[in-house]
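The values are calculated or read from the model by the stated rules, or taken from the named source; none is laboratory data. On a predicted model such as this, the values are computed, not experimentally measured, just so you know. As a convention, Cβ positions derive from the backbone with ideal geometry for all residues, glycine included, and neighbour counts pool all protein chains shown. Accessible surface is based on the protein model in full, side chains and every heavy atom, while ligands, DNA and RNA are left aside. Shrake-Rupley method; radii C 1.70, N 1.55, O 1.52, S 1.80 Å.
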Amino acid sequence: MTSLPQLSLPEEVLLLGLHPERGGMRVSRSYVEYGVAGAVLAELELAGCVEQDRGRVQVRTPVPPPALTTGPTANLVAVQVLAGLPGPGKGRHGGIRTASFVRRTRREVTGQYLDLLVQRGALRRESKRVLGLFPAVRHPAAGTDWSAPLQQRLRTAAKSGFPDHRDQLLAAFLWATDLAGKHFRGSGERQTRAVMRDFGRREWTAHAVHKVVAGEKAAAQGGGG
């Protein structure tokens, strides 16, 4: 298996959401963007910086640990997000609604992680015009496909029930964004997808993404009626 540089959870969600050859998203772009935003919260929760209380993101400490600011695990996008969250609040209205955070930040954080992956040599940016009129930007793999080792890691983890928490989180976000069926296809993977669904329902960050995605689907169906 090809060894990858250290990747953050949002970067992993994004790489698995992109088609390595075409450079477009495997599912609706907004679904992947919601997943990236939720994964930022998951990183901050793992670092002990945030938690959820009654559907709202609450800051436990506004000071990021060294692991987020320096070294191979540094995640400066997450540090920036943390700095922009409302500080530890009192009462039932402290913090920000998790769903609101996911909706509001999805485009900005996804753009920042795309820039990072281009800078790191994982992706290349291609700009063109659709029908000669509408600008479109795609991000295919820049040489080696970094998503392939991620897929293999998840397949290996699935065989033993995803024992690692970070793999559980990644599996949860793939379910929440409709990417599980793109990487674990067919009836033979039904049980694996069910396990991923269970993780998604258990992890508040992924569950919030799932609810936002479901809401967007419902709105689209209602608008088409």
Open item on the list: I'd like the full set of residues that are among the small types (Gly, Ala, Ser) and surrounded by 15 or more Cβ atoms within 10 Å (Cβ to Cβ), limited to segment 172-186.
Closed with: Ala172, Ala176, Ala180, Gly181
TODO: Count, please, the residues in segment 187-224 that happen to be surrounded by fewer than 15 Cβ atoms within 10 Å (Cβ to Cβ), within 23 Å of Arg155 (Cα to Cα) and of a type in the set (A, V, I, L, M).
DONE: 1
Open item on the list: Return the residues of segment 12-43 that are of a type in the set (D, E, K, R), in contact (Cβ under 8 Å) with a residue 60 or more places away in the chain and open to solvent by 20 Å² or more (accessible area, probe 1.4 Å); say none if nothing qualifies.
Closed with: Glu21, Arg22, Arg26
TODO: Identify, by number, the condition in (1) surrounded by 15 or more Cβ atoms within 10 Å (Cβ to Cβ); (2) in contact (Cβ under 8 Å) with a residue 24 or more places away in the chain; (3) closer than 15 Å to Glu11 by Cα that Gln52 doesn't meet.
DONE: (3)
TODO: Filter segment 156-179 down to the residues that are under 19 Å from Gln6 (Cα atoms) and charged (D, E, K, R), then identify the one that is farthest from the chain's Cα centre (by Cα).
DONE: Asp164
TODO: May I ask you to list pairs of residues, at least six apart or on different chains, whose Cβ atoms are under 8 Å apart, with the first in segment 124-139 being more than 19 Å from Leu16 (Cβ to Cβ) and open to solvent by 100 Å² or more (accessible area, probe 1.4 Å) and the second being small (Gly, Ala, Ser) and modelled with pLDDT of 70 or more?
DONE: Lys128/Ala136; Arg129/Ala136; Pro135/Ser127
Task: Residues being polar (S, T, N, Q), within 14 Å of Met196 (Cβ to Cβ) and buried (at least 18 other Cβ atoms within 10 Å of the Cβ) - total across segment 140-171 - done: 1
Open item on the list: Looking at Ala158, Ala180, Ala194 in this structure, which one is touching a helix residue (DSSP H, G or I) at 6+ places or on another chain (Cβ under 6 Å) and without any contact (Cβ under 8 Å) to a residue 24 or more places away in the chain?
Closed with: Ala180
TODO: Consider only pairs whose beta carbons are under 8 Å apart and that are at least six residues apart or on different chains; among these, list those whose first residue lies in segment 93-109 and is touching a residue at least 12 places away in the same chain (Cβ under 8 Å) and whose second residue is among the aromatic types (Phe, Trp, Tyr) and surrounded by fewer than 23 Cβ atoms within 10 Å (Cβ to Cβ).
DONE: Thr98/Trp204
Open item on the list: Residues to consider are Phe184, Phe134; find the one that is among the aromatic types (Phe, Trp, Tyr) and closer than 25 Å to Val118 by Cβ.
Closed with: Phe134
